[in-house]
Amino acid sequence: MTKVRETVLEIDLKALSHNFNFIKSKLSAHTKTLGVIKAFAYGSDAIEVAKALVLENVDYFAVAYTQEGVALRDAGICTPILVLHPQMADLETIIDRGLEPSLYNFRIFRAFLNVVKAKDQKNYPIHIKFNTGLNRLGFNSLETGDFCNEFKNQSVLDLRSVFSHLAASEDRNENEFTKGQIVKFVEITKHLNNELGISPMRHILNSSGIFNYPEAQFDMVRTGIALYGFGNDPLYTQKLKPVFKLKTVISQIHEIKPGESVGYNRKFKAMKPMRTATLPIGHADGIHRAFGDRKGFVWIDGQKAEIVGNVCMDMIMVDVSTIKCEEGDEVVIFENQHQVNLLAEQIDSISYEILTAISQRIKRILK
Ligand SMILES: *Cc1c(COP(=O)(O)O)cnc(C)c1O
């Protein structure tokens, strides 16, 4: 069996490029693409992912928080970066580092305008977010007129885009609701364009939106999870390539006698003779404690090995009673989308959470 020496997350940049181009193939030629690389590019490596997407001529990036954008600028990424959820404390940094804020209410809009004026900026790019039903962030449609009046009262901001976010783009049962969001968005942008006499870019689709509502692609789409291989639907996922392989190694094998226990709190007690393998990956690495007690599993030589007992901070023990393996052998946590989805289902989670949980202490290797 393959021998390995430590836990690593392999990132397949060719698969990433394949996925980017598959997504592009779903879009008209003039639709711009924004790569969502928040949360370390969904738990991987935002800088390496950004560099790979720059080579594919991505038009925009988005991060959630300002510091994520700063890290990209520090790494030499010059592509426009939308900060989806800027905090009051970061407005100066946004300008200093040439980042572009999403402004979602009057409070942050006015605060940002003041900072732009104080810093003597001209034509500073901003993006305005409208709430069309997610009820998370965004101006209300009824505020469109007031927003336009305030916007007309200044001359230092450049409205680059107007956008919204879908609440259930992956859920066919919410088709009517989603279409309602899109209609509302069209009304808002028409109102705004008429009032202001400009036509900033419009965007509302995330990954599932691109697959399920391509008619609503407007001027740009924001793709996150699909870049990393997940379509939120087997139909689309099968067209996407797996980008991540999380693998570890057997540190030690134990022969367990009946009546003996394994791990903290003696959570697991053996009823019959068995073998366990101890692996150097634990809840501090992203293996949620909820995976303990046989909820979670890993793959050794293609066979499933369940986690026995409690997940420790830095280790798990798995049942290898029926698997031929030895110390130093490779252990796969996941290397395809199906394995990630299986793990997510086990703890009532989603692929997004399994991926973003992968801790920064795990070494990243580019493939
Ligand atoms: C995270 C996020 C996205 C990306 O969503 P995916 O489902 O991963 O494609 C797009 N837009 C906004 C506003 C987001 O917060």
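Below are the figures for this structure:
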quantity: Complete set of residues in region 218-253 that are away from the ligand (no atom under 13 Å from the Cβ), buried (at least 19 other Cβ atoms within 10 Å of the Cβ) and more than 30 Å from V320 (Cβ to Cβ); calculated: F218
quantity: Residue in region 35-44 that is assigned by TED's automatic domain parsing to the domain that holds F163 and more than 14 Å from the ligand (Cβ to nearest atom) present; calculated: no
quantity: Unique residue being outside the structural domain of L227 (by TED's automatic domain parsing), within 16 Å of the ligand (Cβ to nearest atom), surrounded by 20 or more Cβ atoms within 10 Å (Cβ to Cβ) and outside any loop (DSSP other than H, G, I, E, B) when the list is I358, I354; calculated: I354
quantity: G145 vs. criteria of a type outside the set (K, R) and at positive phi; calculated: no
quantity: Check on V162, at pLDDT 95 or above, of a type in the set (V, I, T), buried (at least 19 other Cβ atoms within 10 Å of the Cβ) and within 15 Å of the ligand (Cβ to nearest atom); calculated: yes
quantity: Exclusive hit being in contact with a Gly (Cβ under 6 Å, 6 or more places away or on another chain) and part of a loop (DSSP other than H, G, I, E, B), set D314, D293; calculated: D314
quantity: Selection from region 254-282 of residues that are assigned to a loop (DSSP other than H, G, I, E, B), of a type in the set (A, V, I, L, M, F, W, C) and surrounded by 14 or more Cβ atoms within 10 Å (Cβ to Cβ); calculated: A270, I281
quantity: Exclusive hit being closer than 21 Å to Y264 by Cβ and in a loop (DSSP other than H, G, I, E, B), set I287, I323, I333, I307; calculated: I287
quantity: Residue within region 148-158 that is outside any loop (DSSP other than H, G, I, E, B), away from the ligand (no atom under 13 Å from the Cβ) and either in contact with an Asp or Glu (Cβ under 6 Å, 6 or more places away or on another chain) or among the aliphatic types (A, V, I, L, M) (or both) present; calculated: yes
quantity: Hey, F147 assigned by TED's automatic domain parsing to the domain that holds L72 and either closer than 19 Å to F61 by Cβ or among the basic types (K, R) (or both) or not; calculated: no
quantity: Among (1) without any contact (Cβ under 8 Å) to a residue 60 or more places away in the chain; (2) under 27 Å from A46 (Cβ atoms); (3) touching a strand residue (DSSP E or B) at 6+ places or on another chain (Cβ under 6 Å) - the single one I365 does not satisfy; calculated: (1)
quantity: Candidates D285, D301, D319, filtered to the one that is charged (D, E, K, R), buried (at least 20 other Cβ atoms within 10 Å of the Cβ) and farther than 16 Å from I362 by Cα; calculated: D319
quantity: Filter result for the condition that a residue is within 16 Å of I198 (Cβ to Cβ) and over 23 Å from the mean Cα position of the chain (by Cα), over L91, L113, L142, L159; calculated: L159
quantity: Answer residue from region 200-210, given it is within 10 Å of the ligand (Cβ to nearest atom) and not aliphatic (A, V, I, L, M) and is nearest to P234 (Cα to Cα) among those; calculated: S208
quantity: Region 188-199, subset touching a helix residue (DSSP H, G or I) at 6+ places or on another chain (Cβ under 7 Å) and assigned to a helix (DSSP H, G or I), residue nearest to the ligand (Cβ to nearest atom); calculated: I188
quantity: Failed criterion for V8 (all others in (1) under 16 Å from K241 (Cα atoms); (2) among the β-branched types (V, I, T); (3) surrounded by fewer than 18 Cβ atoms within 10 Å (Cβ to Cβ) hold); calculated: (1)
quantity: Which numbered condition L166 fails, given (1) more than 16 Å from the chain's Cα centre (by Cα); (2) assigned to a loop (DSSP other than H, G, I, E, B); (3) outside the structural domain of G328 (by TED's automatic domain parsing); calculated: (1)
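The values are calculated or read from the model by the stated rules, or taken from the named source; none is laboratory data. Keep in mind it's a predicted model, so treat the numbers as computed, not measured. We place every Cβ from the backbone using ideal geometry, glycine too, and count neighbours over all the protein chains shown.
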